[in-house]
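Dumping the structure here so I can ask a few things about it.
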Amino acid sequence: MGHRKYSAPRRGSLAYAPRRRAASPIPRVNFWPLRRDGVGLAGFLVYKVGMVTTFMIDDVPGSPTQGTEVAEGCTILAAPPLHIIGVALYKREDGYLVEVGRHIVKDLPPEIRERVRGVSGTSNTLDELKVRLGETAEVRAMVASYPREAGLPQKKAIILSVPVSGRVEEAFNYVSSRLGQRVSVEEVFKDGGFIDVVGVTRGRGFQGVVGRFGVKILPRKQRKTRRAVGAIGGRSPKYVTRFVPRAGQTGFHYRTEFNKRIVKIWPAGGAPVPKGGYIRAPPPTCPAVALLGSVMGPAKRPIILRTPARPPRYRLEAPKITTLVYAGEVLKA
């Protein structure tokens, strides 16, 4: 190991800790930034379909290829409308959000009737919630997404609580007026806008330090193993610090990507579909969204799109798309 006597680059990233499995494939959002353009939902639940190659006119200011046609990878996401099934009020207590009360509609579809058992029994009336608006800090809409509308085999609905932007009274009136109705993705996001993507990465199981951290393989004449760390540390009392690469869970982690651009939003039945269909995912018959770049997770995984936490200073309109290509096949844009 003479070549590592004076310097040795660090192996592996310390950006994410701890590297444990996510509790559920449904994403968990720790921070919800609110919209600045009026009252509405701060996020939307979609399902990953696949990737296409998009030929578009680069309109990013200051880009070296501004005004010319470029090829970019885009991810197609199925976005069935969200069903607003209730409203919940939250207050701040010792820096945390504590639920004040919630109201759940009575007429629920069978897909979510079993999911809200025990919750609807504690439901308050809208008049009881309206009295407590003075102590409310945040209003959230209880929404349900139906995977079957995206062509997935899952029967049970996915239930989320999504914050509503605006003042407390305005947000409460908005959700109250939309109870039992559907909200489409066009009402939440627009073409060309920036959003944050929250999801769970593809799981790869238990991996060694070489696959998990990219540790350098030891020389051939190593006495024991080669695919291991040369030394995990020598100290007294004996313990191993968290900076030492170790084998363990790889993938299936919560991740957030900032400022992903919406290339285009198609209405129901308008999304491009190749002749042979997408690999490992059904073609979307519901509204669909095209995001610039890749998205974490395998096909059919639920993804949450939220209002950007730190948007760029410039605003862009919908880009001009010339051609869509999937596996060598030209699709209708």
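The values are calculated or read from the model by the stated rules, or taken from the named source; none is laboratory data. Note that the structure is predicted; figures quoted are calculated from it, not measured. We place every Cβ from the backbone using ideal geometry, glycine too, and count neighbours over all the protein chains shown.
Of the residues that make up the range 13-23, is at least one under 16 Å from the mean Cα position of the chain (by Cα), assigned by TED's automatic domain parsing to the domain that holds Gly269 and free of Cβ contacts under 8 Å to residues at least 12 places away in the same chain?
Yes, the range 13-23 contains at least one residue that is under 16 Å from the mean Cα position of the chain (by Cα), assigned by TED's automatic domain parsing to the domain that holds Gly269 and free of Cβ contacts under 8 Å to residues at least 12 places away in the same chain.
With Gly95, Gly40, Gly50, Gly73 as the choices, which residue is free of Cβ contacts under 8 Å to residues at least 12 places away in the same chain and among the small types (Gly, Ala, Ser)? Steps first, answer last, please.
Values: Gly40 fails: free of Cβ contacts under 8 Å to residues at least 12 places away in the same chain; Gly50 fails: free of Cβ contacts under 8 Å to residues at least 12 places away in the same chain; Gly73 fails: free of Cβ contacts under 8 Å to residues at least 12 places away in the same chain.
Checking each option against the conditions leaves just Gly95.
Examine the range 259-276 for a residue that is of a type in the set (Phe, Trp, Tyr) and touching a residue at least 60 places away in the same chain (Cβ under 8 Å), and state whether such a residue exists. Working first, answer last.
Within the range 259-276, the first condition is being of a type in the set (Phe, Trp, Tyr), and the residues that meet it are 266.
Still in the running and touching a residue at least 60 places away in the same chain (Cβ under 8 Å): none.
Within the range 259-276 (the criterion being of a type in the set (Phe, Trp, Tyr) and touching a residue at least 60 places away in the same chain (Cβ under 8 Å)), the answer is no, since none of the residues qualifies.
Hey, another quick one. How many residues are surrounded by 10 or more Cβ atoms within 10 Å (Cβ to Cβ) and aromatic (Phe, Trp, Tyr) when one looks only at the range 17-34?
The total comes to 1.
Out of the strands (runs of 3 or more DSSP E) lying entirely within the range 220-333, which hold 1 or more residues that are among the basic types (Lys, Arg) and under 24 Å from Tyr16 (Cβ atoms)?
254-266, 302-306
Looking at the structure I just gave you, is Phe213 crowded, with 16+ Cβ neighbours inside 10 Å, at pLDDT below 95, out of contact with any Cys (no Cβ under 9 Å at 6 or more places or on another chain) and among the aromatic types (Phe, Trp, Tyr)?
Values: crowded, with 16+ Cβ neighbours inside 10 Å: yes; at pLDDT below 95: yes; out of contact with any Cys (no Cβ under 9 Å at 6 or more places or on another chain): yes; among the aromatic types (Phe, Trp, Tyr): yes.
So Phe213 passes the test.
Let me ask something else about it. Could you look through the range 269-308, keep only residues that are at pLDDT 95 or above and at positive phi, and pick out the one that is surrounded by the fewest Cβ atoms within 10 Å (Cβ to Cβ)?
Out of the qualifying residues, it is Gly293.
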